[in-house]
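These notes concern the structure reproduced below.
The values are calculated or read from the model by the stated rules, or taken from the named source; none is laboratory data. All figures in this text were calculated on a predicted structure; none of them were measured in a lab. Backbone-built Cβ (ideal geometry, glycine too); neighbour counts: all protein chains shown.
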Amino acid sequence: MGIEFLGVWKDEFSNPCLVNHYANISITHAEKFAAISIDLEKPVGLDTEKISSKLERVAKRFLSENETNALDGTPEQIGVYWCAKESLYKWYGKKKMSLRDNIYIKPFVSKTDQIVGYVDFEEVKEELALKVFYWEDYILTVTI
């Protein structure tokens, strides 16, 4: 990419930005893993999470009724929903959006490697594809 790293700063919405470069970036970490996504042309969103029962306990806070009804009950699937919604939240970048009420994930089967999400907030109504990665007990999603 030919990007000289000069540091990172945060914009007015606390999104990470590269010093002296226009590239869009998204950063995530969970315990021992960290990742960054860089796109020279469009906004990006990236999130990772360790699969755990914690997400099952709070799922009703971030899943819509339709998403809850589509669950197959596996912790991996709930983890994908969480990461995908967080990735789309970061993609939007302006905060104040509800994961439950403004970001929707189309139904999918567990262990799928690509899903589709939809952001419906104020002037933004956009469908986006997300790539899903699984490794060890972790899930990572990124807008594509």
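Points worth noting:
- Whenever a residue of segment 55-74 is without any contact (Cβ under 8 Å) to a residue 24 or more places away in the chain, its partners that are buried (at least 16 other Cβ atoms within 10 Å of the Cβ) and among the aromatic types (Phe, Trp, Tyr), lying with C-beta atoms within less than 9 angstrom and at least six residues away or across chains, give the pairs Val58/Trp82; Ala59/Tyr81; Ala59/Trp82; Leu71/Tyr81.
- Residues in segment 37-51 that are hydrophobic (A, V, I, L, M, F, W, C) and surrounded by 14 or more Cβ atoms within 10 Å (Cβ to Cβ): Ile38, Val44, Leu46, Ile51.
- Checking Glu4, Glu12, Glu41 one by one, the residue that is modelled with pLDDT under 95, part of a loop (DSSP other than H, G, I, E, B) and within 23 Å of Lys96 (Cα to Cα) is Glu12 and no other.
- Test: residue in segment 100-114 that is assigned to a helix (DSSP H, G or I), in contact with a strand residue (DSSP E or B) (Cβ under 9 Å, 6 or more places away or on another chain) and closer than 27 Å to Lys10 by Cβ: no
- Each residue in segment 1-15 was checked for being surrounded by 11 or more Cβ atoms within 10 Å (Cβ to Cβ) and within 14 Å of Leu40 (Cα to Cα), and 1 of them qualify.
- Matching residues in segment 57-69 - criterion: being of a type outside the set (Ser, Thr, Tyr) and either surrounded by fewer than 16 Cβ atoms within 10 Å (Cβ to Cβ) or outside any helix (DSSP H, G or I) (or both): Arg57, Val58, Lys60, Arg61, Leu63, Glu65, Asn66, Asn69
- Residue within segment 117-131 that is in contact (Cβ under 8 Å) with a residue 40 or more places away in the chain and either assigned to a strand (DSSP E or B) or buried (at least 18 other Cβ atoms within 10 Å of the Cβ) (or both) present: yes
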